[in-house]
1. For C:Leu192, only one of the following conditions fails: (1) loosely packed, with under 14 Cβ neighbours inside 10 Å; (2) within 18 Å of C:Tyr295 (Cβ to Cβ); (3) modelled with pLDDT under 95. What is its number?
2. When region B:163-219 is examined, which residues are found to be part of a helix (DSSP H, G or I), modelled with pLDDT under 95 and within 13 Å of chain C (Cβ to nearest Cβ)?
3. Being part of a loop (DSSP other than H, G, I, E, B) and buried (at least 19 other Cβ atoms within 10 Å of the Cβ) is the filter here, so list the residues in region B:111-157 that pass it.
4. How many residues does region C:147-167 hold that are assigned to a strand (DSSP E or B), of a type in the set (D, E, K, R) and under 17 Å from C:Phe81 (Cβ atoms)?
5. Looking at region A:247-255, is at least one residue closer than 19 Å to C:Lys103 by Cα and either more than 9 Å from chain C (Cβ to nearest Cβ) or among the aliphatic types (A, V, I, L, M) (or both)?
6. Out of all the residues in region A:226-261, which are surrounded by fewer than 22 Cβ atoms within 10 Å (Cβ to Cβ) and in contact (Cβ under 8 Å) with a residue 60 or more places away in the chain?
7. Would you check if C:Arg276 is surrounded by fewer than 20 Cβ atoms within 10 Å (Cβ to Cβ) and within 30 Å of A:Ile122 (Cβ to Cβ)?
8. Can you find even one residue in region A:44-55 that is farther than 23 Å from C:Lys250 by Cα, crowded, with 23+ Cβ neighbours inside 10 Å, out of contact with any strand residue (DSSP E or B) (no Cβ under 6 Å at 6 or more places or on another chain) and in contact (Cβ under 8 Å) with a residue 12 or more places away in the chain?
Amino acid sequence: MDSLSVPVKNIYLPELVQIQEIIEETRDIKTFRVQRPHDFEYRPGQFAEVFVPGKGEAPFSITSSPTQEAFLEFSIKRVGTVTEALHRLNPGETVGVRGPYGNGFPIDSLRKQNLLFIGGGIGLAPLRSLINYVLSAPYRGNFGDIFILYGARTPQDLVFRWELEEWKKREDLSLLVTVDRGDDSWRGRVGLVPEVLKELSIDAKDFKAIVCGPPIMIKFTIKTLLEMGFQPGCIITTLEMRMKCGLGKCGRCNIGPYYVCKDGPVFSYEELQKMPEEY
Amino acid sequence: MYEEEIRALSVKLLDEVEGVIGYSWGTLPFRARPFLCQKKEDVTHLVFNHFCGSNLARYLLSGELKEKKIAILAKACDARAITVLIREGQVKRENLVIVGIPCYGMVDRKKLEERFGPLQPQDFEWHLDSLTFKGENLSIGPFLEATCQRCLHPNPPLYDHLIGQEVTYIPRKRWNNDALTKLDMVSREERWAFFAGEFEKCIRCYACRNSCPLCYCKECFAEMQRPYWLSGAATPSENLFFHVGRSLHMAGRCVECGACERACPVDIPIALLPCKVEELIRGNFDFEAGIDPDKEPPLLTYRENDPGEFIR
Amino acid sequence: MAKKLVTPEVFRKKVADQSDLFLITERAQGVYHEFLPQGLRVIKTPKELIFPEWEGVYRFSFQDRSWKVWEIETGDFSPRFLFLLPCEARAVIEVLDGNFLQKDYIDKNYWQRRKNLHLIVLGCYTIPKTCFCSLVGGNPLWRDGRSLFVLPFQGELYVENDETMLFGEGKSVDAREEETLATREEELKASLPPPLPSDFPQKLYAHFDEGIWKDLSWRCINCGACTFLCPTCYCFDLSVEGRLRGLTLKTWDSCMFPRFTLHASSHNPRPTGKERVRQRVMHKFSYLPLREGYYGCVGCGICREICPVNWDIRETVERMAKYLG
C-alpha cells in the first residue's frame, strides 16, 4: 500500500474523439473511423472500450492497422443497446475511447511464416488489423506467403468490400471469397468456409492459421485445420466474452483462470484445449 | 416432527416420481434447508420442523425439474404458491404429487437469540405449538416469524396426501401481530420515514426476489435494459422503487409466505409491503391468492364491461 | 515491532474519546463488544468503505454543442481506523488490494479511499461458529505484521504496531509474557482444522466438468446475498446513467446473476445455476490461487450465516476436497 505511487490517471475515463468517417458495410455493420487518441499505441488483435455518451460502453476489436497513424477503425455490428446507439451517430459526432487492451496477435511468432487468414462475417474485423499490418510496406518482407479465405452468409453480408478489391489486385497474396448462399449477380465461390478450406491446396507444415468468426464457424474451421495437419499451436483465434472494465478487474470475462480481456482475446488452439469449454 | 410419516410416504412415492422436494437439516444449528431426495436410502435426511421456512414451490421452476413428475412437501404457503403457479401455467398439476403439511409457523432465530442468548440446540425441545427451554414449556407464538404471526391459513388448501392433523386455530387471532395496523395508524410522514430508513439498508442482492416462489420472470424489471427502469446504484429511492414495484407486480398473487423477508441478509421487513397489498385486495375484492384455484384473480382478469370507475 | 500492554479501561476510554475516528465491522463488534464503547459506527463488511456498493467514476455532459467527460474525485478522506477481524483484514490486504491496486492498473478511487483507512486487526479470542479461516491458510490471530493488532491477554490488551500511540503509552511486554503469547498462539493454531491440500486449486480445476456441480448447485437460488456481503468478492459492473448529462457508475455485481456474462447476441456462456455456482467456487478456490497465489475466500463464514437456503461454501469445499482425495 505505502509503496504505491499516486495514481494520476482514472483508468475508467475514456478520451473523447471525433468520428471522422462512417462506412456502411452491410445492412447491420458499419465501420467507424475515429481520431486516434493520445498515446494510443496498439498491436493488431487488441481491442478498445468505446463509450457512447449517455448510452453505454462496449468493447470492440480495433480493425485498423497500427500503421495508420491518424485514426482508429472499429467495425461494428448492430446487436444491442450500445451498438444501436453507435449506428445512429454521424461523422463529426463524439465517442469516447479507452485502451488499447488485451494481448493482440503474437506477431513475433508469426514472423517469417506463411499466414493463412480465415474470416467469417464480421470476424474479418480483427484479422484485418493484422492483414493490413503485414501487408504494409515496412513489414511485408518479414512474412512469407499470405492466403486469405473470407466467407459470409450472402454477398450482401461481405464487409470491407472496397478493400477486398484492393487485396485481389495485389500479387503478394491470394484471396478467396466465398458465400453460404449466392445470388444472381454473384460470380464467386459458394460454400461454407470449412468446406472451401478443405479444398485448398495448402501444406499445413508451412502455414500458421489465424481464424476469427462466429463460434460455430470457428469450431468447424479448427476441426478442418486439424484434419489438414495443422498443429494446435499453429492455429490462432480470438474470443469474445462480455466485458466491462477491459483491465482484468471486474471479474466476468474469465474462461477458467484466464481473463479474455487481459490474457486474450487472442489464444492459440493449444491454449484453448487447456481451457474449460465455457465461452 | 412427522418425520416417520414423511419418510415412509416418500419411500412409496419414489416409485412413481423423480424426486421428493422436502427439507433436511442444515449445516448450522437451528436451520433446515431445501433437499431434493431422489434415492430411497436418502429419505432419512428428510425432516420437518419449525425451521423449514424456504418456500419449496420455488424449486418447481428450476429447469431440471420443470417437466418431470415430482413430489413436493407443502406447508400452507407452499401449497398456495403451487396453486398460483398451476393457475398461471408455470407447472402442470398432473406432474405433481403434493404432500400437504399443516403448519404451526416458523421460528425466527433472532427472536430466540434475543430471549435466550447464544443458542445451544440441546437446550431446546420442539413441539407443534410450544417449545421447551431447559425444562420450561413456552408458547411458540412470540418466537414465530412476523409473517407467521399474521398467518390466516395454516392448512394447505391443496394436497394429494396430508401429513398430521389440521391446525384448529387461526394464527393471526391467536398471536395477534398487528404490525400492519400499527403502520396504518401512524402519519403518512412517519410511515414514509420508516420505509425510507428500512430500504436504505437494501443492497439489492435480490435474495427477496430469488427466494420468492412467484417471482419467476425471465427478465426482471429491475435488470431490464430497455426500458431502463432502475439505476444500478442502490440509492434509497431506487431501492424503494424496486420494492414497491415488486409489491405491485405481486398484487393478488402474493401468498404471504414471508420468503422475501426471511431471505433478506440485511433484515429489512420486506413482507410488510406485499402483505399490505394483499390486505387491501382481501378487503376490496374478497380474494386471496392460491386458496381457491377456480376463483378469478381480480387484478389479472379482463372484462369488457368493467365499470373502470377508478380511471378518470 | 512495537508491542505493549494496555488496560481495558484505558483502551475503551481512548476509543471513546476519539470515537469519530473509529469504525467497526459487525462481526468484530460481535466478538469485541465488551472491550469497546457503545456508539461506534458499525459497518457490514470492510469493503463498503473502500469499494462501495456504487460510486460514480466519471461524469459526462453535453454543453455548448460538445461532449465533455471528467473524472469524479472521491475527495481526500481524513484518516480513519477500522476495527476488524483477522479474516476481514486479510480480505482487504490480500484480495481487494490485490485486485484494485495491481501495479499495471491502479483503481484511483479505491486508492484514494484505501490510503487513509487504517486497519486495526482484532485477534479472535473466541471463534465465531461459522468461520473456517484455517482451511484457507488463515488463523484467528492472522495479521500482516504492519497493521495495528489487538488481543486480550491476561486481563489486559496486547497491542502491536501502535506507532501513533492511539491507545496510550501502555507498558512494555516482557520476555516471559512474549513467550506465553507465542505459545498460546501456537496452541491455538494447532487446535484448528488443517488447511486445504496445497494442490486443491489444481485438482479442483481438473474437475471442472464433473457431474457433481449439478448436485452441488441445486439448492442455490442464485441471489447475490453471499457475493455482496462477502468481504473479498470484488466483481463490479460499469453502467452509464443519464442522457445529456450523467455519469458512469461502478456498482457491485455478482457472478450469481445471469446478466453477468450475457452477450449482446443473447448467448450466455454460464446459462444456468450450475455454471454460476461453479464459477463462484472456482474463482475463489482455483482461479485466484492459480493466478495470484491466494484464495479468494478468507473463511469468515458470513455467506454461510446469511444464505437464505443454507448453501454452504465450507460444506461444498470440504465435500470437494474429500471427493478429489
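1. (1)
2. Answer for region B:163-219, where residues must be part of a helix (DSSP H, G or I), modelled with pLDDT under 95 and within 13 Å of chain C (Cβ to nearest Cβ): just B:Glu200.
3. B:Ile140, B:Glu145, B:Arg150, B:Cys151, B:His153, B:Pro154, B:Pro156
4. Residues that pass the stated criteria total 1.
5. yes
6. A:Leu247 - this is the single residue of region A:226-261 that is surrounded by fewer than 22 Cβ atoms within 10 Å (Cβ to Cβ) and in contact (Cβ under 8 Å) with a residue 60 or more places away in the chain.
7. No, not satisfied.
8. yes
The values are calculated or read from the model by the stated rules, or taken from the named source; none is laboratory data. Quick caveat, the model's predicted, so the values are computed rather than measured. Ideal geometry is used to build each Cβ from the backbone, glycine not excepted, and the neighbour counts take in all protein chains shown.
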